[in-house]
Structure formats: structure tokens, C-alpha cells
Amino acid sequence: MNQLLANLIAIGAGSAIGGMARYLVGRAVQAQWHGSFPLGTFIVNVAGCFIIGLIYGLIDRGFNLPESARLFLTVGLCGGFTTFSTFINENYLLISSQGQAMALLYAVASIAVGFLMLYLAYFITRSL
């Protein structure tokens, strides 16, 4: 099997697992949350930012990860787990139903906390 095909299989497998995990985690969180803020997607997105930060932080520290494993974890698993298209759609729905203030809060908080989680993960892995 050539490397491209191996990488595509790794990405596809990671995407399938990440997508199923996104659904389960988002659903579990949202079932416990009764507000209009889409907390399930928010938690999934910031957790995905933290996970990808850990992975790349370890790689930056010299952790030897084969290309197919890196693609499985980052492009596949994290890519399937995080939900940017859902995030954009939920912002649109918030603007339509709750107004611009709630959509702005959700968008800014998602980006700010996501970046903070990525930075925190890099800091943790660099401090090991």
C-alpha cells in the first residue's frame, strides 16, 4: 500500500472516531445544559483545541510520531471531533433566535478559550 493511501485510511479512521466522539460528548453535555448557549459544541471545540495542542506540543518536544499516526490524531481524530461548521451554523441560529449579543458571546468565547487551551497544552508539554 502506498503512503498516500495509508495516510488517507488513517485520516478516515480518525475522522470516523472523532465524529462519533463529537456526537456523544456534545449530546451528553447538552443534555445536562438547559440554556440557549450551545455548550456541547463549545466544550467539544475547546477540548479538541487542547488535545491538538498536546499532540503538537509533544511533537515539538521531539516525540517521534509516524506520519500516519500524526495524521490519524490531528487531521482525522481532532478534525472529526471539532465542529467548526456546526459552530458557524449555531452562531447563525443564535443570531436568528437570540440576537447578536449571544452569538457574539459564543463566537468570542469559543475562539478565546480555544486559543487559551491550545496555549495551555503547549505550555504543559514544553514544561515536562
**Request:** Find the residue count for region 49-67, including only residues that are under 14 Å from the mean Cα position of the chain (by Cα), open to solvent by 40 Å² or more (accessible area, probe 1.4 Å) and either more than 14 Å from Arg22 (Cβ to Cβ) or at pLDDT below 90 (or both).
**Result:** 3
**Complete:** Checked pairs for region 4-22, first surrounded by 14 or more Cβ atoms within 10 Å (Cβ to Cβ), second of a type in the set (A, V, I, L, M, F, W, C) and not in a helix (DSSP H, G or I), C-beta under 9 Å and 6 or more apart or across chains, list as Ile9/Met1
**Complete:** Here the residues within region 27-38 that are modelled with pLDDT of 95 or more and closer than 18 Å to Gly114 by Cα are Val29
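May I ask you to list the residues in region 68-88 that are farther than 13 Å from Ile52 by Cβ and open to solvent by 80 Å² or more (accessible area, probe 1.4 Å)? Walk me through it before giving the result.
Quick first cut of region 68-88, residues farther than 13 Å from Ile52 by Cβ only: 68-69, 83, 85-88.
Result: Ser85, Ile88.
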**Request:** For region 68-106, enumerate the residues that are within 16 Å of Gly40 (Cβ to Cβ), assigned to a helix (DSSP H, G or I), touching a residue at least 12 places away in the same chain (Cβ under 8 Å) and within 16 Å of the chain's Cα centre (by Cα).
**Result:** Gly80, Phe81, Phe84, Thr86, Phe87, Glu90, Tyr106
**Request:** Considering (1) within 30 Å of Leu4 (Cβ to Cβ); (2) without any contact (Cβ under 8 Å) to a residue 12 or more places away in the chain; (3) of a type in the set (A, V, I, L, M), say which one Leu54 fails and leave the rest.
**Result:** (2)
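The values are calculated or read from the model by the stated rules, or taken from the named source; none is laboratory data. Nothing here was measured: the structure is a model prediction, and the numbers come from that model. In this analysis, Cβ positions are derived from the backbone assuming ideal geometry, glycine residues included, and neighbour counts consider all displayed protein chains. SASA here: full protein model, heavy atoms, side chains in, ligands and nucleic acids out. Shrake-Rupley method; radii C 1.70, N 1.55, O 1.52, S 1.80 Å.
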